[in-house]
Amino acid sequence: MKKTKRLSNGSEMPRLGLGVWRVEEKDATNSVQWAIESGYHLIDTAAVYKNEKGVGEGIRAAGIKREELFVTTKLWNADQGYESAHKAFDESLERLGLDYVDLYLIHWPVEGKFNDSWRAMEEIYESGRAKAIGVSNFHQHHIEELMKTAKIKPMVDQIELHPTLTQVALREYLMQAGIAVEAWSPLGQGKILQNPTLVAIGEKHQKTAAQVIIRWHLQSDIIVIPKSVHEERIKENFDVFDFELSDAEMKQIDGLNINERLGADPDNFD
Ligand code: NAD
């Protein structure tokens with residue numbers, strides 16, 4: 001399996017990365033360094049995670065060439081709007097200690113504001129300081145609303161997606177629109193790792209349930225960013241390129257869907 005996915009603008013985005021939500025600055029530094037040393041090239045943070053500085057330090061500690069890394073951060077809700085989005089982006093870059101990010105996302109679809117935020121993000125993209133731009137937590141109708149004023153189509157939509165929330169209709173829409181699907185809380189925040197179906201499939205392949213889920217995302221053409229702050233688990237979550245789930249196993253995992261949201265519904269968030 002190719003380890004990167006080509007986005008609509010030609011950027012190559014790694015299919016598997018590290019997420020750092022609810023990770024403190026100092027733990028972010030260690031986790032990012034371990035991840036990069038274990039072979040990760042994609043790191044997913046956000047201004048609201050308050051660990052962009054720690055992420056930047058981890059990147060520098062790992063000593064990887066900047067062009068080999070793919071860094072995502074996100075525009076927080078309170079900063080949405082044209083001028084505030086420009087300002088928030090500059091501040092994120094400053095905290096990260098980088099002169100560009102690989103992907104900048106609108107974190108949530110704040111009604112009445114996301115079109116203006118997007119105009120700023122298009123300018124940031126055109127300036128080369130974000131190599132790709134996209135959205136997060138956008139339903140189809142939010143993307144349609146965005147496209148009424150957008151010049152550039154989002155390259156990615158990062159949505160809650162795991163075996164108990166498989167989002168089939170939205171995924172089909174995004175794939176047809178040429179917008180890459182990225183899963184947040186891909187392991188169901190760790191709450192589905194005891195699921196007997198996942199454990200049994202793992203036993204057949206001598207893999208853990210976490211590895212089975214990550215492999216299911218990859219084989220479904222979904223970019224995936226599991227979070228961990230433990231070195232062993234960070235390594236384990238990346239050790240998924242040496243086995244393959246059968247079609248029957250993929251269908252069994254698809255069948256675990258119960259439309260269970262762990263986070264807010266994008267039509268109803270604060
Ligand atoms: P996740 O689904 O990645 O689960 C992480 C949890 O699973 C860990 O805290 C740990 O308890 C457990 N875990 C991880 N690896 C394990 C292993 N190998 N063995 C046993 N347990 C393991 O949850 P998440 O952090 O919510 O989501 C991943 C990332 O997605 C976040 O860190 C963040 O970057 C992103 N995210 C984005 C949004 C958004 O609104 N765009 C929202 C939530 C998360």
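The values are calculated or read from the model by the stated rules, or taken from the named source; none is laboratory data. What you see is a predicted model, and the numbers here were worked out from it, not measured in a lab. In this analysis, Cβ positions are derived from the backbone assuming ideal geometry, glycine residues included, and neighbour counts consider all displayed protein chains. Protein only, heavy atoms only, side chains kept; ligands, DNA and RNA dropped before computing areas. Shrake-Rupley method; radii C 1.70, N 1.55, O 1.52, S 1.80 Å.
Observations on the model:
- Pro226 falls short on exactly one of the conditions (1) near the ligand (Cβ under 9 Å from one of its atoms); (2) loosely packed, with under 12 Cβ neighbours inside 10 Å; (3) closer than 23 Å to Asn137 by Cα, and that condition is (2).
- Residue in segment 247-270 that is nearest to Pro186 (Cα to Cα), counting only those that are away from the ligand (no atom under 16 Å from the Cβ) and open to solvent by less than 50 Å² (accessible area, probe 1.4 Å): Met250
- Pairs where the first residue, in segment 182-196, is among the polar types (S, T, N, Q) and the second is more than 6 Å from the ligand (Cβ to nearest atom), C-beta under 7 Å, 6+ apart: Ser185/Glu160; Ser185/His162; Ser185/Leu262; Gln189/Leu262; Asn195/Ala209; Asn195/Leu256
- Among the candidates Leu174, Leu165, Leu161, residue that is more than 13 Å from the ligand (Cβ to nearest atom) and either open to solvent by less than 30 Å² (accessible area, probe 1.4 Å) or among the aromatic types (Phe, Trp, Tyr) (or both): Leu174
- Among the residues of segment 123-146, those that are open to solvent by 10 Å² or more (accessible area, probe 1.4 Å), in contact with a helix residue (DSSP H, G or I) (Cβ under 9 Å, 6 or more places away or on another chain) and farther than 19 Å from Gly263 by Cβ comprise Glu123, Arg129, Lys131, Glu145.
- Residues in segment 181-198 that are near the ligand (Cβ under 9 Å from one of its atoms) and out of contact with any strand residue (DSSP E or B) (no Cβ under 6 Å at 6 or more places or on another chain) were compared, and the one that is most open to solvent (accessible area, probe 1.4 Å) is Lys191.
- Some residue of segment 234-241 being in contact with a helix residue (DSSP H, G or I) (Cβ under 9 Å, 6 or more places away or on another chain), assigned to a helix (DSSP H, G or I), open to solvent by 50 Å² or more (accessible area, probe 1.4 Å) and at pLDDT 95 or above: yes
- Hits in segment 59-115 (condition: of a type in the set (Asp, Glu) and loosely packed, with under 15 Cβ neighbours inside 10 Å): Glu67, Glu68, Glu83, Asp90, Glu91, Glu94, Asp99, Glu111
- Of all residue pairs spaced 6 or more apart or on separate chains, those with beta-carbon atoms under 6 Å, a first member in segment 108-130 that is over 19 Å from Phe269 (Cβ atoms) and in contact (Cβ under 8 Å) with a residue 40 or more places away in the chain and a second member that is buried (at least 16 other Cβ atoms within 10 Å of the Cβ) and β-branched (Val, Ile, Thr) are Met121/Ile133; Ala130/Val101; Ala130/Ile124.
Listed here are the residues, each with its yes/no results for (1) surrounded by 20 or more Cβ atoms within 10 Å (Cβ to Cβ); (2) free of Cβ contacts under 8 Å to residues at least 60 places away in the same chain; (3) closer than 22 Å to Lys3 by Cβ.
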| residue | (1), (2), (3) |
| --- | --- |
| Pro154 | yes, yes, no |
| Asp157 | yes, yes, yes |
| Ile179 | yes, no, yes |
| Gln206 | no, yes, yes |
| Glu232 | no, yes, yes |
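- Meeting the requirement of 2 or more residues that are free of Cβ contacts under 8 Å to residues at least 60 places away in the same chain, the strands (runs of 3 or more DSSP E) wholly within segment 1-43 are 4-6.
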